[in-house]
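Heads up, the thing below is written out as structure tokens.
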Amino acid sequence: ALDTDRARSARDAILSLTEQAVELLPMLRHAHVIRTWSGTEGYLPDREPVIGPSRTTPGLFHGFGFAGGGFQVGPAAGEVLAELAARGATTTPIDAFSIRRFAGEPAPATTAPVESSPPQPVPATESVVAN
């Protein structure tokens, strides 16, 4: 159920956040707040996000349900989603984040093998011997 006490931006909370923002970025001191918006955080039953291909729509990739952690993992999730969109696979293990976990299905194979090259010889360099 929606917590009506927390689902709206309280004036005091906005004022407090504005003060904190000015401490971090003093140039915001004279900025004017025109409007505010408040959204709800999306928590899934296991509190883990969904990252990976759709169960129903080929070529559609999901990245949602990060709750409060989206800012922290957003860049990594974006990289994974870009790999999936471009290559259909990623080198990052994401099976635990599959949407299929809620249907009791195994995650699709989305992890590509890590490409590795054989070790390359180190080029010879001149040595200086000190006496």
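The values are calculated or read from the model by the stated rules, or taken from the named source; none is laboratory data. Since the model is a prediction, treat every value here as computed from it, not as a measurement. No Cβ is skipped: glycine too gets one built from the backbone with ideal geometry, and neighbour counts run over all protein chains shown.
Does Pro45 count as under 22 Å from Ala96 (Cβ atoms), out of contact with any strand residue (DSSP E or B) (no Cβ under 6 Å at 6 or more places or on another chain) and in a helix (DSSP H, G or I)? In short, no.
Whenever a residue of region 20-38 is part of a helix (DSSP H, G or I), its partners that are not hydrophobic (A, V, I, L, M, F, W, C), lying with C-beta atoms within less than 7 angstrom and at least six residues away or across chains, give the pairs Val22/Arg29.
Scanning region 67-103 for residues that are under 11 Å from the mean Cα position of the chain (by Cα) and among the charged types (D, E, K, R) gives a single hit, Glu79.
The residues of region 41-64 that are more than 22 Å from Ala76 (Cα to Cα) and among the β-branched types (Val, Ile, Thr), listed by number, are Thr56, Thr57.
Residues in region 72-113 that are within 18 Å of Asp46 (Cβ to Cβ), modelled with pLDDT under 90 and surrounded by 14 or more Cβ atoms within 10 Å (Cβ to Cβ): Val73, Ala107.
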